[in-house]
Structures are given as structure tokens and as C-alpha cells.
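We did not get these values from a lab; they are worked out from the coordinates using the rules stated. Values in this document were obtained by computation on a predicted structure and should not be read as measured data. Cβ: placed from backbone, ideal geometry, glycine included. Neighbour counts: every protein chain shown.
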Amino acid sequence: MKNCLIVVNTYKEESQELAGKIGKFLKSKKISSSVFEFNGFSDVYPFSGYDFVITLGGDGTVLFASRGCAELEIPVFPINLGQFGFIAGIQKGEWKKSLTAFLDGKIPVVKRSLLTYSVKRGKKNILFGCCLNDIVISARTAVHVIALDLACNDISLGQCKADGIIVATSTGSTAYSASAGGPIVDPELNAMVLTPINPFSLSMRPLVMNADSELRVKIIPSREKNIILTIDGQKPYDLLDDDVVKITKCRNDVMLAGTTKENFYDALRFKLNWSGGPHA
């Protein structure tokens, strides 16, 4: 590995200083590096030409890098400067030891599946991309019910009236989906989780589907016109009546360094207080 991109989250004050230290360390290893500043929203994916990417921030920074690196098959080395660190499993105090192990091929690099989405308006595909955590279809403002027609592999799931829906990967099952009452899924399980947001019907429950499924969501005309598609909680796009959103598993997985199953369950126990006992 000869060329590295360091993604710096500009909302984390310590990230700039740490990027400088990492840059000097990489230089001592005869590895060139560049810095990309990420402020939480970006349509630019500057990852082409790099051998690996280091992220300095929380899980949101990793989500951004993962969307750009999966198709290029570039590994991501995520250093956690955030609160939860479900995905960013390398702690800042251990970065040098872990990075040395990574460069020596001695740190686990795991694959996590992503979802792809496309939006068809009339006969034209107007939008497509991928996500590591989730795809959310909802009203732009809270407390507004929208109507959706759902189908899986061309089999109707019926109509859903709710504040919206979340379609999550196993990795994203601990994020917004869990907050909305969805199940927590082992990150090594390839699954697609459909979770309604405040459904009008009490019988509308979360659904776990095979990751190889194709989920189709059609926007049913209703009084609510301000409907959006949000990717990984970062990128909102406007939707119109009769738009059709198709969601499938991405053909490429993202490669994440140090993001092991042990890290996932540690975060589940110590950061979400999963203990199973009465005093969690």
C-alpha cells in the first residue's frame, strides 16, 4: 500500500491534529497521504486512486467512506472519534498499534453488505446509489402520514400508511431502525430489514427479508406532497407521487478494518446497555 486518503470529520476538533500525526506516521512508512474534509454531507467521492482510506470521526464518516469505497474495493480503516462506534471499531488511543497491524496484514478486515437503490419517475431512472446503514422514505416534516405500496420480488406486501419506512442492512439494524422498534440483526447475516415508522395500523410490524430480495416501494398520491428519500441519514432527495423506489443488495461489499463481531457486541452491551437483566 503506497497511497492513503484520510477523511477528516470537520465537526471533530481533534480530527485535524490526529490527521497530522497519522500523516507523519504514514510518511515514515513511505506511504503518501492526502486529506479530505467531510462536514457530514457530500456528493463528492474522492476515493479513486487510493490503496486504502482512514476515517477520523464517528460512524457517519465511515458510512460516507463506505459508499464510495465499496465499488472500488478499497479497504476502510475507521478510527472512532464519535459516541457509539458500532462500525468505527478502532479507538483513537490504539490507532498506531492497529494501523501498524493493518499495514502488516495482521488485523481482521471484514466485509459488510450494502443496499443499492434506484428511483424511477415515469420511464426514466432519475437516481441511484448505495448505502451501508439504511434507506428511509418519509415526509420531510414530522407527524405527516404518507402512503406507500410495497412489494417484495413482485409479491405484494400491501399498502402502508405511516410516517415512513426504514429499509436497513444488518449493519444498520442498530441505528434508526432499532429506534423505530426494528430487530437487531447480527452484522454477519445478509438481511434486509423493513421497519415502518409510526404505522397507522397496529398490525404493520417490522419484517426481515432475504438480502437477495428486491423491494419495490411506490409513492401513492396523498395529501402529503413533501416526501423524501434519505440515505444513511445524510443525503435527502425529493420524491413525487407515483415514483418507484427499488432496493436490492449491492453487488460489492465494503471492507472494514477492525470492525469485528466482538466490537459489535461490545458496543451493544456497553453503549446501548444490552444486558438482559432487570438493571440494564
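Over the chain, calculate the relative contact order: mean separation of alpha carbon pairs under 8 Å at least 6 apart, over the residue count, as a percent.
Relative contact order comes out at 20 percent.
Provide, as a two-decimal number, the C-alpha radius of gyration of the chain over 2.2 N^0.38 Å, N being how many residues it has.
For the chain, the normalised Cα radius of gyration comes out at 1.04.
Just need the relative contact order of region 188-233 here, percent rounded to a whole number, with Cα pairs under 8 Å and 6+ apart.
33
Stretch M209-F41 to full length: gain in nm at 0.36 nm per residue minus the Cα-Cα span?
57.5 nm
Dipole of the chain, Cα-centred, from +1 at each Lys and Arg C-beta and -1 at each Asp and Glu C-beta, to the nearest 20 debye?
Dipole about the Cα centre, nearest 20: 420 debye.
Once you sort the root eigenvalues of the Cα gyration tensor of region 115-249 as a ≥ b ≥ c, which label holds: rounded (a/c under 1.5), prolate (a/b larger than b/c) or oblate (the other case)?
In terms of gyration-tensor shape, rounded.
Below 25 Å, Cα to Cα, which lysines can K97 reach? Residues fewer than 8 away in the same chain don't count.
K2, K12, K21, K24, K27, K29, K30, K106, K111, K261, K271
Give me the percent relative contact order of region 115-249, please, defined on Cα pairs under 8 angstrom at least 6 residues apart.
Relative contact order for region 115-249 comes out at 30 percent.
Could you work out how far apart the two model spin labels at L72 and T100 are, taking each label as a point 7 Å from the Cα in the direction of the beta carbon, and quote it in nm?
In this crude spin-label approximation the distance works out to 2.8 nm.
For S222 and F84, calculate 0.36 nm times their separation in residues minus their Cα-Cα distance, and state this gained length in nm to one decimal.
Once the chain is fully extended between S222 and F84, it gains 45.9 nm.
What list do you get for Y50, Y265 if you sort them by fewest beta carbons within 10 Å?
Least crowded to most crowded, the residues run Y265, Y50.
Between K24 and Y11, with labels modelled 7 Å along Cα→Cβ, what's the label distance in nm to one decimal, could you check?
Each label point lies 7 Å from its Cα, and together they span 2.9 nm.
For a bin width of 5 Å, list the pair-distance distribution of region 54-177 built from all Cα-Cα distances, rounded to whole %.
P(r) over region 54-177, rounded to whole percents: 2, 9, 15, 18, 18, 12, 10, 7, 5, 4, 1.
Rounded to the nearest 500 deg cm²/dmol, what is the calculated helix-only ellipticity per residue at 222 nm for the chain, with -39500 (n - 2.57) per DSSP H run of length n ≥ 4?
-5000 deg cm²/dmol
Rounded to the nearest 0.05, what FRET efficiency is calculated for D186 and S156 with R0 set to 35 Å and r the Cβ-Cβ distance?
The value I calculate is 0.75.
Using a basic spin-label model with each label point 7 Å from the Cα along Cα→Cβ, how many nm lie between K92 and F270?
Each label point is offset 7 Å from its Cα along the Cβ direction, giving 1.6 nm.
Using a 10 angstrom cutoff on alpha carbons, build the Gaussian network for the chain and name the most mobile of G122, G20, G164.
Of G122, G20, G164, the most mobile in the Gaussian network model is G122.
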